[in-house]
1. Where Rh denotes the Kirkwood radius from the mean inverse Cα pair distance, what is Rg over Rh for chain A?
2. Could you give the nm distance between label points at A:Arg40 and B:Arg40, where each point is 7 Å from its Cα heading toward the beta carbon?
3. Counting only Cβ atoms, what residue of chain B lies nearest to the axis that sends chain B onto chain A, and how many whole Å off?
4. Suppose we look only past 57 Å in the calculated P(r) of the protein assembly as shown. What percent of the Cα-Cα pairs does that tail hold?
5. Between segment A:22-72 and segment A:175-249, what's the alpha-carbon centroid distance in Å?
6. If each residue's Cβ is checked for other Cβ atoms within 10 Å, how do B:Thr202, B:Thr188 rank with the fewest at the top?
7. How big is the charge dipole of the protein assembly as shown about its Cα centre, in debye rounded to the nearest 20, if each Lys and Arg gets +1 on its Cβ and each Asp and Glu gets -1 on its Cβ?
8. Could you tell me which of A:Leu135, A:Gly106, A:Pro85 has its Cα farthest along the dipole of segment A:1-154 towards the positive end, charges placed at Cβ (Lys, Arg +1; Asp, Glu -1), taken about the Cα centre?
Protein chains: 2
Amino acid sequence: MSRITAVETHDIRFPTSRELDGSDAMHPDPDYSAAYLVLRTDEAGTEGHGFAFTIGRGNEVQVAALNALRPQLVGRRLDDICADPGTVYRALTADSQLRWLGPEKGVIHMAVGAAVNAVWDLAARRAGKPLWRLLAEAPPEWLAAQADLRYLEDVLPRERAVELLRAGRRDAGRRTAALLRTGYPAYTTSPGWLGYSDERLTRLARRAVADGFTQIKLKVGADLADDIRRLRAARAAVGPDIRIAIDANQRWHVRQAIEWTRALAEFAPYWIEEPTSPDDILGHAAVRRAVAPVKVASGEHAQNRVIVKQLLQAGAIDVLQLDAARVGGVNENLAVLLLAADRGIPVCPHAGGVGLCELVQHLAMFDYVALSGSTRDRAVEYVDHLHEHFTDPVRITGGHYAAPSAPGFSARMRPESLARYRYPDGEFWAADRAGRAAGGRRDTERTVETA
Amino acid sequence: MSRITAVETHDIRFPTSRELDGSDAMHPDPDYSAAYLVLRTDEAGTEGHGFAFTIGRGNEVQVAALNALRPQLVGRRLDDICADPGTVYRALTADSQLRWLGPEKGVIHMAVGAAVNAVWDLAARRAGKPLWRLLAEAPPEWLAAQADLRYLEDVLPRERAVELLRAGRRDAGRRTAALLRTGYPAYTTSPGWLGYSDERLTRLARRAVADGFTQIKLKVGADLADDIRRLRAARAAVGPDIRIAIDANQRWHVRQAIEWTRALAEFAPYWIEEPTSPDDILGHAAVRRAVAPVKVASGEHAQNRVIVKQLLQAGAIDVLQLDAARVGGVNENLAVLLLAADRGIPVCPHAGGVGLCELVQHLAMFDYVALSGSTRDRAVEYVDHLHEHFTDPVRITGGHYAAPSAPGFSARMRPESLARYRYPDGEFWAADRAGRAAGGRRDTERTVETA
């Protein structure tokens, strides 16, 4: 009987702030980071990888939360957790003392998500399938049992979940073939970071169109005159037919969000993303009513399925941007996908960061093949950063994510990257400190340049 | 120029699970704990104390979050932080990397609350006043500037906050005198823990009435037959005129909450507390519409002011139960009190745990003296646990909290308690481990017995 024998954790940080990659109105200098976890087993070749994404300081707090889950993980039998990954999800979210730290939100819930995603990575590797295919080929009743429907009974009874999943399987073979042929649509945020010059923005926006993307995204919200200038430049660069989404990253209060979005309306933005606090469901609903036909998109900071339920109940969003590593992992995201499918709301997952593209592509592809059955008005965010650190990086061609074929959740980081960027003792950070101590120029290694 | 010179942190845990004190339907075995922080200064006799409350496992994660705030605290000038504690609050919540861990929720936000409350403790000590008096005597404009009104502009513009605070000051002297004479109303949860026998429940309920309490609270939600039996016993013990609140601690989904509460209606419960997920604003509203005249109370797990805003906008609650240590400290709770005062919703703060009674009494007393001006339908929760570990413990007489007179926020734990219950190396835990290793009975020291 093979078991989980150890849980390894790593504090991994990349010095992205030095190039202003990832800069937005609320996060001017992120150092993209991962609180990374490996499930070791006594079965040769079997392991599971997962991580929470953070943006630098505090990643050690996230690692402490991963460590707090270790006693719940070590010793579990692989046969049990592969047959029912939900047992791990339920045990971790139900820990009667740990749950006080959330409940089901923030640091402790992201830790649960990392561990649960590692279990799914392990299960998919052991099944010899990429996760999207494992999910798409699983029985609807089993998937409905994996989905966390607690607190959702008022809008999504279990019978309705099973019904949606059964309906989603019709013609799944045809959609699998289409997915393997053309991939899943992507949009790109690489041109639009707030810290980039207009010249760089224009150059990257043109390249995005040349590369086959039909949607790009710009960060906004720090200064209205700047936003007007940048959006004008972007529109000039891409022409009238490419969608330009804008993203305020929570910068505004409700009235500001309405006024600012209206002031940018002449450039026909496709959606306004996170116009205000991600917790403000009723605020999002007020913004949506006021800025139509500009759509409202949100969800990357939705802490759990209960917030998503209400965003849909309140008519607060047009587009749901689930995140693979913010909530409690695959089991909770199955519920999120079911909520969206039930309402017919398109899901355009949040990605970027470290490894988020690698994860969310599986959820979107499962949704297309075996749940919503559609890619209409759907696209997975793509950012051209840090993929080189993964053993199974995403592959983008013609503005589409190619379907992963390697077994697992694409969650595994290369051992040499773990060794180099481990904080504070990895080679990069040790050399960086030594350089500073010597008074020399800091190491501005361009790990993530996209231009 | 005196400054903060060091930030000490402590992982303090009390073995409360061994007596089932604090047991409820979701938390059967809490070990009441504090992630405790001390601001040391270079000014003789000046220091600040604060803490986050947790219930055991994971307290080390909370301490890691306190440690992550240290660079933002050390070196600050005491004159600056006493003149404007909000500078610390704003710096901590605005940290562009740490905020990703919330934003403004869960572990990182509770850490901010602990640090901010320690700053207010220090400021009140330095002013030689208990915190309630410092707040009640502060200029309305200054208080409004201290309140965090971000994301609240749609319901509470700053001018309205100033107006409420100015109106609250009328006749404040008369209310101060009344407060010093009679104290602030309390209700008690001590009889009602889920793990207690009916005999113990009955005995403690009778004692509560004899002690002058006019409201008690019972935990419910694990088993309906048990709840009916326990509520019948409680009603028999206290008679028809004492309010009995019931608390489901998030156990139910919306329909269950409605059905279960209706099934207990014959015992005339005063309020049903946390009937469902604390994140489910619209769910609370649905429950409230269905169970009237039983009131709906919630708020101890409201992660921040944005959730409180929506609970009030949606008509989701009759009673707001703010918590002193769940949100970002005094600056955010000033906003919460203003939101409630603006809507005329009574605030009955959550307390119990470790030191929560000590903290919230100050907020409630300030609200009475200088904001809402009323104690009608208001009472602070009281639980007779762990007060002996504080240097300025609450004093209860005749079912009322006596107004604290010692300078500060009553947040300071006794040094010998810190030494004894520090986890895992304090005397209690070291002895406990040694006892277990020796195969003997574990130390069931009755630190918290109330009967």
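Derivation of every value follows stated rules applied to the coordinates shown; laboratory data play no part. None of these values were measured; they are calculated from a predicted model. Cβ: placed from backbone, ideal geometry, glycine included. Neighbour counts: every protein chain shown.
1. Using Cα coordinates only, the ratio equals 0.95.
2. Taking the simple label geometry, A:Arg40 and B:Arg40 are separated by 3.8 nm.
3. Closest Cβ on chain B to the axis mapping it onto A, in Å: B:Gly106, 1.
4. Percent of Cα pairs beyond 57 Å in the protein assembly as shown: 8.
5. Segment A:22-72 and segment A:175-249 have Cα centres separated by 29 Å.
6. In increasing order of surrounding Cβ atoms, one gets B:Thr202, B:Thr188.
7. Magnitude of the dipole: close to 860 debye.
8. Comparing the listed Cα positions along the dipole, A:Pro85 ranks first.
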